[in-house]
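**Student:** Please find one structure pasted underneath; my questions will follow.
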Amino acid sequence: MPEFFDPNEQQPGSPKISDSGLVYYKSLLDNAKWVAENPAQANLLKASVDGALAATGQSLQPPADARSPAQRLHDHVHAIEPHQASEYRDIPATHREFASALSLPPNLASLVVKDALSGAQKADASKVLGDKYEGTLKDADALLQRVAHLPEQGRIKASQLSPHTLTQLAVWGRHLTKAQQSRPKS
């Protein structure tokens, strides 16, 4: 297993109950009529869900989503889904808040963090990107400013990234900016 995994944390591929599953189980268990009409099933469901919650470290109450229905739809259409830091299980815990704060899709978060932490010699982005370098760097830096509030060890700088990853981050930043301009206010 890669050295950056904490053996005490949930690992990639570990089981997790979806938020929609949690909502469904909670709705059944909170329905007094259903519980009264189906006591055996209710007891079995409660025991099963309690065991699953203990195994996954989750709670029956999923994280609150303060977005309006219009905002949720807009974000979904633009593939900008909020992720809790705990959902980024394949990157080091020190960088999970970073990925969450930027609403990075898990695959892009993995690419960015692994590239930054690889320690490998990076190609000179200004030579690789040529005349597109300044714009790419500006867009990536604008995105990275969104996480300036995070501790230094949990952030990534544009200078730590390869030209390819820097470009991917810049594209994501432009996408977020453009989507934000048309996002409903409530």
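The values are calculated or read from the model by the stated rules, or taken from the named source; none is laboratory data. Everything numeric here is computed off the predicted structure, so don't read it as measured data. Note that each Cβ is placed from the backbone with ideal geometry, even for glycine, and that neighbours are counted across all protein chains shown. These accessible areas exclude ligands, DNA and RNA; they are computed on the full protein's heavy atoms, side chains included. Shrake-Rupley method; radii C 1.70, N 1.55, O 1.52, S 1.80 Å.
Rundown of residues vs (1) among the hydrophobic types (A, V, I, L, M, F, W, C); (2) out of contact with any helix residue (DSSP H, G or I) (no Cβ under 8 Å at 6 or more places or on another chain), yes/no style:
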| site | (1), (2) |
| --- | --- |
| Ser59 | no, no |
| Val77 | yes, yes |
| Ile80 | yes, no |
| Ala85 | yes, no |
| Ala109 | yes, no |
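**Student:** Right, Pro39: over 29 Å from Leu176 (Cβ atoms) and under 19 Å from the mean Cα position of the chain (by Cα) or not?
**Tutor:** Considered against the rule, which asks whether it is over 29 Å from Leu176 (Cβ atoms) and under 19 Å from the mean Cα position of the chain (by Cα), Pro39 comes out as no.
**Student:** Let me ask something else. Does the stretch 139-156 hold any residues that are charged (D, E, K, R) and surrounded by 13 or more Cβ atoms within 10 Å (Cβ to Cβ), and which are they?
**Tutor:** Asp139, Asp141, Arg146, Arg155
**Student:** Just to be sure I understand, how many residues within the stretch 37-53 are open to solvent by 80 Å² or more (accessible area, probe 1.4 Å) and not acidic (Asp, Glu)?
**Tutor:** Result for the stretch 37-53: 4.
**Student:** Now for a separate question. Within the set of pairs 6 or more residues apart or between chains, which connect a residue that is closer than 10 Å to Asp139 by Cα and open to solvent by 70 Å² or more (accessible area, probe 1.4 Å) inside the stretch 157-186 to a residue that is small (Gly, Ala, Ser) and in a loop (DSSP other than H, G, I, E, B) with Cβ atoms less than 7 Å apart?
**Tutor:** none
**Student:** Can you say whether Ser118 is open to solvent by less than 60 Å² (accessible area, probe 1.4 Å) and of a type in the set (S, T, N, Q), as far as the supplied structure shows?
**Tutor:** In short, no.
**Student:** State yes or no: is Glu97 in contact with a helix residue (DSSP H, G or I) (Cβ under 7 Å, 6 or more places away or on another chain), free of Cβ contacts under 8 Å to residues at least 40 places away in the same chain and of a type in the set (Asp, Glu)? Even if it seems obvious, please write down each step before you answer.
**Tutor:** Working: in contact with a helix residue (DSSP H, G or I) (Cβ under 7 Å, 6 or more places away or on another chain): yes; free of Cβ contacts under 8 Å to residues at least 40 places away in the same chain: no; of a type in the set (Asp, Glu): yes.
For Glu97, the condition - in contact with a helix residue (DSSP H, G or I) (Cβ under 7 Å, 6 or more places away or on another chain), free of Cβ contacts under 8 Å to residues at least 40 places away in the same chain and of a type in the set (Asp, Glu) - is not met.
**Student:** Would you check if Leu137 is aliphatic (A, V, I, L, M) and closer than 21 Å to Thr177 by Cα? Explain how you work it out, then say what you get.
**Tutor:** Numbers: aliphatic (A, V, I, L, M): yes; closer than 21 Å to Thr177 by Cα: yes.
Yes, satisfied.
**Student:** Can I ask one more? Is the stretch 79-90 home to any residue that is surrounded by 11 or more Cβ atoms within 10 Å (Cβ to Cβ) and in contact with an Asp or Glu (Cβ under 7 Å, 6 or more places away or on another chain)?
**Tutor:** Within the stretch 79-90, one or more residues are surrounded by 11 or more Cβ atoms within 10 Å (Cβ to Cβ) and in contact with an Asp or Glu (Cβ under 7 Å, 6 or more places away or on another chain).
**Student:** Could you go through the stretch 156-179 and let me know if any residue there is within 18 Å of the chain's Cα centre (by Cα), in a loop (DSSP other than H, G, I, E, B) and among the aliphatic types (A, V, I, L, M).
**Tutor:** Scanning the stretch 156-179, I find at least one residue that is within 18 Å of the chain's Cα centre (by Cα), in a loop (DSSP other than H, G, I, E, B) and among the aliphatic types (A, V, I, L, M), so the answer is yes.
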